[in-house]
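Single-structure report; data block below.
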Amino acid sequence: MSPRGAQSDASGPSSVETLDVKLEVIVVPVSDVDRAKEFYGRLGWRLDQTPPGVVQYTPHGSGCSVQFGPELTSAAPGSATAYLIVSDVEAARNALVSAGVEVGDVFHASPNGPVDGLDPERRSYFSRATFRDPDGNTWWMQEITTRLPGRIEGGVTSFGSASDLASAMRRAAAAHGEHEERTGERDENWPDWYATYMASEQTGAKPPE
């Protein structure tokens, strides 16, 4: 017997392919809640209002939060690994180091393994840096400015913060300057060009030429 309310037809209105689901919280195992609060507060993350026994922080510009507490998980403290997305990994690393956080050097992925420094072509997904909280939970910072095709649903464009929007506008301005050099003409319709370029970064679509 099917669960009450379940649809037997996977292509029907209750199909999992069309179910709107958003990742809300990642639980991080820690051994000392007060020590963890000091660390995640130092990252500049927002401390949210939560029920007793639950501590929740949300990174600036993120729709997903981090929780920890004495009864939230039986996982070993320090066993978690998660990714953070930034638009400029060098700037993010410098800001964290200035806040007293120990962050590894920037490196980039290559066919032969990790290589020191930024990706020479500054390709999305390649440049990274890591840091750990006091328990050893690992956070990877990955520089992403242009998403791979299909990672963001078509027509959905959003920015988590004013700084992310400003970075996207600067990249669009630089690309638009190259566009005007190629055409040899001033583009009076630059707002539409900017908008199309910024949307293409997020959806992985072909950018305007």
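Derivation of every value follows stated rules applied to the coordinates shown; laboratory data play no part. Predicted model, so just to flag it, every value in this text is computed and none were measured. Glycine also receives a Cβ, built like all others from the backbone with ideal geometry; neighbour counts cover every protein chain displayed.
Observations on the structure shown:
- Output for the stretch 24-64, where each listed residue is farther than 24 Å from Phe159 by Cβ and among the hydrophobic types (A, V, I, L, M, F, W, C): Val27, Val28, Val30, Val33, Ala36, Phe39, Val54, Val55
- Residues in the stretch 70-126 that are β-branched (Val, Ile, Thr) and buried (at least 16 other Cβ atoms within 10 Å of the Cβ) were compared, and the one that is farthest from Ile144 (Cα to Cα) is Thr73.
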